[in-house]
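What follows is a single structure, written as structure tokens, with notes after it.
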Amino acid sequence: MHDTERVTLARLPSGVELETTVHTYGDGDGPTLYVQAAQHGREINGSEVLRRLHGELLAREDGFSGTLIAVPVADPITFDRVSYTAPEALDSVNANMNRCWPGDPDGSLHERMAATLWAYAGDADAIVDLHTGGKEMLSHTVYLQGDAECRALAEAFGHDLLLAEAAGEDADAEWADRNFGGKLRVAATQAGIPTITPELAHNTELVEDAIDAGVAGMLDTLRHLDMLPGEAAPTNATIARNHLGRVKADDSGLFHVDGDVELGDYVEPGDHVGAVYDPTSYDVLQEVTVDREGIVYSLEREATVTAGSTLVGVALLLEE
């Protein structure tokens, strides 16, 4: 069984209603899985994953139990602008929708949108929040460190790299500074709902390998929850913590990658990556080296960088 509902998320100053479509599959006899995509409008691979999953589920004559609630475009504001955040004029308080969950029906525009979707997500037994990393980022799945149900959900979805993110007092200072407590994954996990965030390859473009992995991950997640027959594929994923291990630019300039470090490499402190230099004077402003041991999961390839921007992301291996 499949139903669709056109839902009003919020209203613009002109009176135009911001709407999205909520798809519901199943007979309600079993667990409920909530999944959404395109909370950040540049991150579109998840939307295509849900379109293909839709076809897979409709082609099945039986074997599905429970309820799947799917929202292919969670944030139409950023989707229409192919952006990560909303314009200041629309939401100067919460430009990033993924910092204000579970939302507030009387709050800012994004808080109201989150509250509307939370009415569906908040009653689920599990949540998958589909995102998309940058062009120079390994696909990975994030879950709350120390939460066994979240880890099992992440392992079922798959990916070669699983990132365990610490939260609250166990996290780095950056976690609080960037208001990560308002992420859907964090808010839902703290509300007792196992939640994961798969990051599916590149943003702004549809990448077939990432889409295929996303569809396979969703099907295995449904199997893990006993919503589809069969077993989730076994995983040999690397487990690491966390995705805040960043090497940043000390100054603005051009970043020339001239080391041997590549995505997915195991690195140690002192490994050379490249240099940031002044394009007018040719002065080297920073010799970029890795400052920690772990797996390189992101490496900036857009050469023009500003002070404070991330050049290399290193995930710390976990021994579990």
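The values are calculated or read from the model by the stated rules, or taken from the named source; none is laboratory data. Being a predicted model, the structure only gives us computed values, none of them experimental. Note that we place each Cβ from the backbone using ideal geometry, even for glycine, and neighbour counts take in every protein chain shown. Each accessible area value is taken on the protein alone, full model and side chains, heavy atoms only, with ligands, DNA and RNA left out. Shrake-Rupley method; radii C 1.70, N 1.55, O 1.52, S 1.80 Å.
For the chain, with every protein chain kept in place, what is the accessible area per residue (1.4 Å probe, Å²)?
On the way: 14210 Å² over 320 residues.
I get 44 Å² per residue for the chain.
Which whole number of Å³ per residue matches the convex hull of the alpha-carbon atoms in the stretch 142-272?
162
Could you calculate the FRET efficiency of GLU17 with ASP177 from 1/(1 + (r/R0)^6), where r is the beta carbon distance between them and R0 is 45 Å, rounded to 0.05?
Values: r = 35 Å, r/R0 = 0.77.
In this case the efficiency is close to 0.85.
Which angle between 0 and 90 degrees, to the nearest 10, do you get for helix 148-157 versus the longest principal axis of the chain when only C-alpha atoms count?
90
Do you know the relative contact order of the stretch 1-121, to the nearest whole percent, from alpha carbon pairs under 8 angstrom that are 6+ apart?
Details: 233 pairs, mean separation 30.7, N = 121.
In percent, rounded to a whole number, it is 25.
Step by step: find N for the stretch 89-146, compute 2.2 N^0.38 Å, then divide the Cα radius of gyration by it. What's the final number? If you can, show how the numbers build up before the last one.
Working: Rg = 13.8 Å, N = 58, 2.2 N^0.38 = 10.3 Å.
That ratio works out to 1.35.
As an exercise, use a Förster radius of 30 Å and the Cβ-Cβ distance of ALA216 and GLU61 to find the FRET efficiency, rounded to the nearest 0.05. Write out the running numbers ahead of the final one.
Working: r = 21 Å, r/R0 = 0.70.
It comes to 0.90.
Using alpha-carbon positions, what is the distance between the centroids of the stretch 257-320 and the stretch 62-139, in Å?
After rounding, the separation between the Cα centres reads 31 Å.
What is the set of long-range amide H partners of VAL73 at a cut-off below 5 Å, with H atoms built 1.01 Å from backbone N?
Answer set, sorted by chain and number: THR21, ALA37.
Nearest 10 degrees is fine. How inclined is helix 208-224 to the longest principal axis of the chain, computing both from alpha carbons?
Helix 208-224 and the main axis of the chain meet at about 50 degrees.
Quick one: helix 109-121 against the long Cα principal axis of the chain, what's the angle to the nearest 10°, folded into 0 to 90?
50
Can you pull the three principal axis extents for the Cα set of the chain, in Å, largest first?
64, 51, 38
What list of ³J(HN,Hα) couplings, whole Hz, do you get for the stretch 30-37 from phi and the Karplus terms 6.51, -1.76, 1.60, once you set θ to phi - 60° and write x for glycine and proline?
With the stated coefficients, the stretch 30-37 comes to x, x, 10, 10, 9, 9, 9, 9 Hz.
Using the scaling law 2.2 N^0.38 Å as the reference, what is the normalised Cα Rg of the stretch 58-169?
Relative to the rule-of-thumb radius for its length, the stretch 58-169 sits at 1.23.
So what's the stretch 210-320 giving for Cα Rg divided by 2.2 N^0.38 Å, two decimals?
So the stretch 210-320 has a normalised radius of gyration of 1.41.
Return the whole-Å distance between the Cα centroid of the stretch 1-57 and the Cα centroid of the stretch 172-249.
Distance between centres, Cα-based: 18 Å.
Arrange the peptides 76-85, 127-136 so that the one whose residues have, on average, the most other Cβ atoms within 10 Å appears first.
So the peptides 76-85, 127-136, ranked by packing, come out 127-136, 76-85.
With r defined as the distance between the Cβ atoms of GLN190 and LEU317 and R0 fixed at 30 Å, what FRET efficiency is calculated, to the nearest 0.05?
Efficiency computed from Cβ-Cβ geometry: 0.70.
Taking H as built 1.01 Å from N, whose amide H comes closer than 5 Å to the amide H of VAL314, not counting residues under 5 places away?
GLY245, ARG246, VAL247, TYR297
Loop-only GluC sites (Glu not before Pro) in the stretch 36-85, please: DSSP not H, G, I, E or B, and at most 13 other Cβ atoms within 10 Å.
Within the stretch 36-85, the qualifying GluC sites (Glu not before Pro) (loop, at most 13 other Cβ atoms within 10 Å) are GLU61.
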